[in-house]
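Here's the structure, in structure tokens; my notes come after.
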């Protein structure tokens, strides 16, 4: 059975050369949105051991961790671990480059994956659970202070459902699926905070109809909801504190060659799939199994216009759910051979920086995950650790570790108060006392209330 979905995602949305000046107003608005929605005013009150205000205390405010998840998938790392290469210099260098720039990691736990790929296959053979790579990646990411996401719990496409499952009737298949979902979520409860619970359902049949799959497959929305509501319910039973997404592709724009057609001739347009996504989450809510967010893969091909990008977020946010960018990549195949490599790299870096800015600046977007940042951000020399970083890596590094991270020096006033405006996340507040330097951790998020009180025991009074 041909997996035409992959070919669809590789098609170009547009072939024109990207010019950032065309969307300068949208990007400027997004920057204002970042200032308004991703930061808050913070008031610190510094007191001594007896609760008395300490004036004129110099404070160094350093953000140590971002609340917003910026991540990439760990396909290459998972493969290196499964092939016993985790201690090689290449793997160590890969991990360092990843953790130096990103705040989150998308660990992979496919039930199975197509044979030609070396993707993680957690139960390709019946009864043989293989989660060592996934577990290793989860533990590594947590050791680096990264937010961990799991992908995916359920992907209803033949290449992602083990062949042995097909021997059983639908009720038994659902039993196997339930065991998979519950055991995965329970085992990694408290470690994996976000899950792509259901992947690409809009283009695929309900699980009971998988044997009749003919891409693009348009089962009625109530049938899809009936199929995936149990997945969301099982997952939430096991970890009520995690975030569970319904994730899909093809909602951004139609390919330049035109939308694919259902077997009855219906054009399966991006607009149609957006309508079906909104109908699906509404149907899931009615049956008490609403997801926690809508995942947009955002494989933009020849690069989506930023106005269309912002309009997409507005439309999906009308569901009342947060939007998560789950698999963003800006392919350059439409430029290959038409421009020098250096110019392609420059345009790609500019587009990605602006796309990331528009997502971060939208109030309804709750996370942003690349699909292949490490592949385009780092160019390796052969199979060893030698590598170069690209303009894309440098631009994203600048945004995430400099422009969008707070570091300020402030001094308390005569009432022991110091103020600043900072991004949501974890902070270290550092100052000196006669007993030596001190560092106090502080958590600032959108729900926090102030002022924050810092007890600077041993600090000088004036």
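Rule-based calculations on the coordinates, nothing more; no lab input. It should be emphasised that the depicted structure is a prediction, and the values quoted were computed from it without experimental measurement. Neighbour counts run over all protein chains shown; Cβ positions are idealised from the backbone, glycine included.
Among bridges DSSP assigns within the chain, what percent are antiparallel (round to 5)? Please list the in-between numbers first.
Working: 32 of 67 bridges.
Antiparallel: roughly 50 percent of the beta bridges in the chain.
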**OP:** Would you compute, from DSSP H runs of 4+ residues alone, the mean residue ellipticity of the chain at 222 nm, taking -39500 (n - 2.57) per run and dividing by the full residue count, rounded to the nearest 500?
**Re:** -10500 deg cm²/dmol
Subject >> Share, in percent, of DSSP beta bridges within the range 39-192 that are antiparallel, nearest 5 >> reply: 10 percent
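Arranged from highest to lowest average of other beta-carbon atoms within 10 Å per residue, in what order do the peptides 93-103, 141-151, 289-299 appear? Please list the in-between numbers first.
Details: 93-103: 19.1, 141-151: 20.8, 289-299: 24.1.
Answer by packing, highest mean first, reads 289-299, 141-151, 93-103.
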Subject >> Along each principal axis, Cα extent of the range 61-201, largest first, Å >> reply: 59, 31, 24
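So, R0 is 22 Å and r is the distance between the beta-carbons of residue 271 and residue 29; what FRET efficiency does that work out to, to 0.05?
Values: r = 24 Å, r/R0 = 1.08.
After rounding to 0.05, the efficiency reads 0.40.
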Original post:
When only C-alpha pairs under 8 Å and at least 6 residues apart count, what is the relative contact order of the range 96-242, in percent?
Top reply: 23 percent
Original post:
Helix 24-37 versus the longest principal axis of the chain: what angle, 0 to 90°, nearest 10, using Cα atoms?
Top reply: 60 degrees
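Could you tell me what percent of the DSSP beta bridges with both partners in the range 133-285 are antiparallel, to the nearest 5? Before the final figure, lay out the partial values.
Numbers: 1 of 9 bridges.
Beta bridges within the range 133-285, antiparallel portion: roughly 10 percent.
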Subject >> the chain: angle of helix 170-187 to the longest principal axis, Cα-based, in degrees nearest 10 >> reply: 20 degrees
Original post:
When only Cα pairs under 8 Å and 6 or more residues apart are kept, what is the percent relative contact order across the chain?
Top reply: 28 percent
Subject >> Where the Cα pairs of the range 249-326 fall when distances are cut into 10 Å bins, in % >> reply: 18, 48, 29, 6
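How large is the convex hull of the C-alpha atoms of the chain per residue, in Å³? Walk me through the numbers on the way to the answer.
Details: hull volume 76.8 nm³, N = 462.
Spread over its residues, the Cα hull of the chain gives 166 Å³ apiece.
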